[in-house]
Amino acid sequence: MRFLANGSHLDSTKRLTRLSLGMGLVFIIAFWISNILIFKAKMGFSLDSIVEHYLGDEEAFKAPVSYLGLLEITHAHLFAYALMLLLLNHLLVFAYISSGWKIVLMVLTYLSAMLDTLSGWLIVYVSTAFAVVKLTSFIVLEASMGIGIVLIAWSLLSPK
């Protein structure tokens, strides 16, 4: 990643490096978009639909999410978010913005991902009021990832 720090990715002889970074960013964008689409399809963006997703609905014959289901979702999300955010935030280190903004975006992505993952447990085992945490943390996660993606793309394409 030193090529981003010293600007050598802008050298015309480094086209393969820029291609590799650009294609990696395409996968990050695809992950970001699919994450939003899955959330919308499974839960929706209302507090009631989030609660219904986790606690089920007898009238609609929808079963609640089980302990094992929550555990499997948590397991997959922890792995996926860890890798995706590590890559995204590592690339963000080299973006052309101040260190303060980088820290804010990094903390927001990791904290909101953790809250997004844990809030399902809180909805099921503590209170349905945590649906607000689920929705808010998801929105903050997606917004901060989106901002990071734009900043990385801008830094990759613009002259230093």
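The values are calculated or read from the model by the stated rules, or taken from the named source; none is laboratory data. Note that the coordinates shown come from a computational prediction; the quantities given were computed from them, not determined experimentally. Positions of Cβ are backbone-derived with ideal geometry, glycine not excepted, and every protein chain shown enters the neighbour counts.
Here SER66, SER46 are screened, and the one residue that is more than 23 Å from THR136 (Cβ to Cβ), among the polar types (S, T, N, Q) and at pLDDT 95 or above is SER66. Selection over segment 86-103 of residues that are in contact (Cβ under 8 Å) with a residue 60 or more places away in the chain and surrounded by fewer than 17 Cβ atoms within 10 Å (Cβ to Cβ) gives a count of 4. Scanning segment 45-59 for residues that are acidic (Asp, Glu) and assigned to a loop (DSSP other than H, G, I, E, B) yields a total of 2. If you go through segment 120-137 one residue at a time, do you hit one that is touching a residue at least 12 places away in the same chain (Cβ under 8 Å) and outside any helix (DSSP H, G or I)? Within segment 120-137, none of the residues are touching a residue at least 12 places away in the same chain (Cβ under 8 Å) and outside any helix (DSSP H, G or I).
Scanning segment 120-160 for residues that are of a type in the set (Gly, Ala, Ser) and within 19 Å of ALA41 (Cα to Cα), we see that the one that is surrounded by the fewest Cβ atoms within 10 Å (Cβ to Cβ) is ALA143. In segment 64-85 there is no residue matching the filter, namely being among the β-branched types (Val, Ile, Thr), surrounded by 15 or more Cβ atoms within 10 Å (Cβ to Cβ) and more than 20 Å from THR128 (Cβ to Cβ). Within segment 92-115, at least one residue is touching a Gly at 6+ places or on another chain (Cβ under 6 Å), closer than 30 Å to LEU157 by Cα and modelled with pLDDT under 95. Remark: pairs (first residue in segment 104-117, surrounded by 17 or more Cβ atoms within 10 Å (Cβ to Cβ); second residue charged (D, E, K, R) and part of a helix (DSSP H, G or I); Cβ separation under 7 Å; 6+ apart in sequence or on different chains) = ASP116/LYS134.
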